[in-house]
Amino acid sequence: MRLEDKVALITGAGSGIGRESALLFASEGASVMAVDLDEDANADTVAEVRARGGTAAASHADVSHADDARSMIEDAEATFGRLDVLFNNAGISHADDADAVGTEEVVWDLTMDVNVKGVWLGCKFGIPALRRSGGGSIINTASFVALMGAATPQLAYTASKGAVLSMTRELAVIHAREGIRVNALCPGPLNTELLMKYLDTPDKKQRRLVHIPMGRFGEAAEMARAALYLASDESSYVTGTAFTVDGGITAAYVTPDAIAPEASP
Ligand code: NAD
């Protein structure tokens, strides 16, 4: 088992990447502290882990609040005795996030609070716990938009994910000699609630799909498998990376769909 005897805290465990990671990490031997703002969804994840024979407990937290972030780490150590993996995954994409002119201050601040401050607070209280365990792995969920821009703007979200990526690199450098590895997971567009609530017609979906070389959205379970690698000792020499799992989107200049048949070699 790839996470045997390890304790992993996962934020945003009630849905999408976080839920799939909770299920996968537990199936690989980890004790999982599932954290979410949505208590019911989080409880469902814990119940599902247990139903499959795994070990998990729930902690209710808003990752953007310092007291909550402190208590989720305390919950992990109090329940399972240690912390080895900190997966700062919770994030939001606000419906009113737009371009510079159209984005309201309240939308900007909320996005930054959850997506950036939430990652920092996880690290602020989680790093001392990882030190107490003799080291560990931090995974921060960024996005492919940390690496590329789009003409369909969500400026606050994009800026927040850029901040997650740059923060990850600096954390990796600062803590490298303490045995704490820090990597950013950069998913492409996924078939999860966060994106699909906006891409709610076949036409909207298709307009996004033309940019993805593989021609399909990613699945949360595919992100969980990448996170598992970063969480486990298999990635023991990997730190400070932007780990892209994106169906080729960041590699693309022109996708196969955009090439007329007569222009193909
Ligand atoms: P999701 O919406 O399915 O799940 C996010 C979870 O985070 C939810 O359960 C929600 O309740 C929780 N959450 C939101 N705010 C919180 C807070 N303040 N405190 C605690 N929990 C909170 O989303 P997902 O697609 O699984 O996304 C997970 C991460 O992946 C996010 O950081 C997101 O930005 C990133 N991401 C998603 C996509 C995509 O296309 N879905 C692409 C790139 C990156």
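The values are calculated or read from the model by the stated rules, or taken from the named source; none is laboratory data. Since the structure is predicted, the reported quantities are computational estimates derived from the model, not experimental observations. Heads up, the Cβs are rebuilt from the backbone with ideal geometry, glycines too, and the neighbour counts pull from every protein chain shown.
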Within segment 100-139, track down each residue that is buried (at least 21 other Cβ atoms within 10 Å of the Cβ) and acidic (Asp, Glu). none
From Ala69, Ala47, which residue is of a type outside the set (Asp, Glu), more than 20 Å from the chain's Cα centre (by Cα) and in a helix (DSSP H, G or I)? Ala47
Across segment 164-180, the tally of residues that are surrounded by fewer than 18 Cβ atoms within 10 Å (Cβ to Cβ) and either closer than 15 Å to Asn89 by Cα or of a type outside the set (Gly, Ala, Ser) (or both) stands at 6
Output the residues belonging to segment 4-17 that are surrounded by 23 or more Cβ atoms within 10 Å (Cβ to Cβ) and either within 15 Å of Ile138 (Cβ to Cβ) or more than 16 Å from the ligand (Cβ to nearest atom) (or both). Lys6, Val7, Ala8, Leu9, Ile10, Thr11, Gly12
Quick check on Asp62: is it part of a loop (DSSP other than H, G, I, E, B), of a type in the set (D, E, K, R), on the phi < 0 side of the Ramachandran plot and within 9 Å of the ligand (Cβ to nearest atom)? yes
Quick check on Lys204: is it closer than 25 Å to Asp113 by Cβ, surrounded by fewer than 17 Cβ atoms within 10 Å (Cβ to Cβ) and at pLDDT below 95? no
Selected residue (criterion: nearest to Ala90 (Cα to Cα)) from residues of segment 18-39 that are part of a helix (DSSP H, G or I) and more than 10 Å from the ligand (Cβ to nearest atom): Ala22
Qualifying positions in segment 97-113 - more than 16 Å from the ligand (Cβ to nearest atom) and either in contact with a Gly (Cβ under 8 Å, 6 or more places away or on another chain) or assigned to a loop (DSSP other than H, G, I, E, B) (or both): Ala98, Asp99, Ala100, Val101, Gly102, Thr103, Glu104
